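Structure first, then comments.
The values are calculated or read from the model by the stated rules, or taken from the named source; none is laboratory data. Just so it is clear, the model here is predicted, and its values are computed rather than measured. Please note: Cβ atoms are built from the backbone with ideal geometry, for glycine as well, and neighbour counts cover all protein chains shown. Accessible surface areas use protein heavy atoms only, side chains included; no ligands, DNA or RNA. Shrake-Rupley method; radii C 1.70, N 1.55, O 1.52, S 1.80 Å.
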Amino acid sequence: QAPLPRPSLALARLARSLAPSVRLLGARLAAQMALAEGGGAAPLKVGLIADIQYADREDGSDFAKTEERHYRSALCIAERAVDCWNEAGVEVVIQLGDLIDGCNAAAGASDSAMASVLGALSKCNAKRRYDLIGNHELYNIRRSDLASSDLRLSPDGATFHSTHLGGIWEAIFLDPFEHALIGVNEGETGYDKAVEIMRASNPNVLSSVGGGDWFAGLPEEKHRFVPYNGACSPEQVAWLDTALAEATAKGRKVLICTHVPLYAPATKVKTVVWNAEDVMSVLHKHQDTVVAVLAGHDHNGGYAVDEAGLHHITMNSPLTATPGSDCFAVLECYDNGMARFVAHGRACVESGTDGKGRAYPELILAKGFQNSPEDGIAATESEAMASLMAMGFSEDQVRLTLEASNGNMETAVQMLVGT
């Protein structure tokens, strides 16, 4: 991944040293300048949504009674997402898994629920849509039946694959349930491997069939070893290494898409791929090619940048969004290797806040850039003047721009950058 253009990187660093009340302003200014330096070509636009988990039933909660779930509202959010994506002109849609809720299986409503959501998504004008495998897919569909379902997994039905999105951009779709306890039967390869993993890492799961505490006496670092997560096979990890090497040879920039997150700081320790370290090792080997990891699974969302500079976005779920609000995104992919995640509603919030933290209105995905959530603090005129002047604008420029924008900081930034 190419670093930010030099002037914008300097601005980004400066923004982090500013007073809290203007830090977000400085970061956005740096981001807009960096994108402007990208050449001006129209970006490739990708629609993103995760964990719709629709069911035609009254609102409810999760098993722990800690999460309110708005099943019918989730479908309304998906419908509004399509309207937004059509207006924005997205070319590709990536649905990050858990299209319908597992409760549909017990109600005999899997097919009708799937038809409702796919019917809504089919109204999108995007040329392509890719559906990922989530745990709720496997609660509703046997793994052996996925290829014949109406999900758009890949042209040949493979559960992990790569595709050229357009321009310099490529997406790699992982299957984090290749080894799993769900969607498969005893005796099948994926199930037997999962049992081996559980015996070594969390035997509570095997001894608590029908009830019991999976986490009793279990060290926190092993909380990921539960049935609603899974693993990528060694063969898939080797394939990923080859796919990234080929992408590098073609000069591509890559987005990694997986239902289950790979990096705990961007989610919770309980919602991470079993062998995340194996996958992350490959991504870091190709860190100049990989830009970001896009995931769902954890309804409360999260965001973090790892030690190799890869951005990890865990999208919030429409299922738990306040009815009437939005929860989806548009990803703008630029020719200079940068991308911008534009949130609609609380599509991504601070990690470790149970979904109640500050939201990210946008995320700039580039090496060397650190994003800040919206803090809602307005800068005073004197703070704004000092900060913008420190970034290289003259006092007269800043004063005239603030006057012309009637003190609106967002408008002032746009005017100064010239966008």
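Filtered by the rule that a residue be touching a Leu at 6+ places or on another chain (Cβ under 9 Å) and not charged (D, E, K, R), the range 56-76 gives 70, 71, 73, 74. Among the residues of the range 311-361, those identified as assigned to a loop (DSSP other than H, G, I, E, B) and small (Gly, Ala, Ser) are 317, 321, 324, 325, 337, 347, 351, 352, 355, 357.
Filter the range 154-166 for residues that are farther than 11 Å from residue 257 by Cβ and modelled with pLDDT of 95 or more; which is surrounded by the most Cβ atoms within 10 Å (Cβ to Cβ)? Among them, the one singled out is 166. For the range 308-342, filtering for residues that are of a type in the set (A, V, I, L, M), surrounded by fewer than 24 Cβ atoms within 10 Å (Cβ to Cβ) and under 14 Å from residue 85 (Cα atoms) leaves 2. On the basis of being closer than 29 Å to residue 335 by Cβ and buried (at least 22 other Cβ atoms within 10 Å of the Cβ), does residue 174 make the cut? So residue 174 passes the test.
Reported count of residues in the range 221-266, each being open to solvent by 40 Å² or more (accessible area, probe 1.4 Å) and among the hydroxyl-bearing types (Ser, Thr, Tyr), is 4.
Contact annotation: residue pairs with Cβ atoms under 7 Å, 6 or more positions apart or on different chains, pairing a residue in the range 247-264 that is closer than 16 Å to residue 163 by Cβ and part of a strand (DSSP E or B) with a partner that is open to solvent by 10 Å² or more (accessible area, probe 1.4 Å) and among the aliphatic types (A, V, I, L, M), are 253/168.
Would you point out which residue out of 269, 290 is touching a residue at least 24 places away in the same chain (Cβ under 8 Å), open to solvent by 40 Å² or more (accessible area, probe 1.4 Å) and in contact with a helix residue (DSSP H, G or I) (Cβ under 7 Å, 6 or more places away or on another chain)? Break it down stepwise before answering.
On the way: 290 fails: open to solvent by 40 Å² or more (accessible area, probe 1.4 Å).
Result of the check over 269, 290: 269.
Close contacts from the range 218-238, counting a first residue that is free of Cβ contacts under 8 Å to residues at least 40 places away in the same chain and a second that is part of a loop (DSSP other than H, G, I, E, B) and open to solvent by 10 Å² or more (accessible area, probe 1.4 Å), with Cβ to Cβ under 9 Å and a gap of 6+ residues or different chains, come to 218/225; 222/215; 222/269; 235/178. Check whether at least one residue in the range 190-197 is modelled with pLDDT of 95 or more and open to solvent by less than 10 Å² (accessible area, probe 1.4 Å), and report yes or no. Among the residues of the range 190-197, at least one is modelled with pLDDT of 95 or more and open to solvent by less than 10 Å² (accessible area, probe 1.4 Å), which makes the answer yes.
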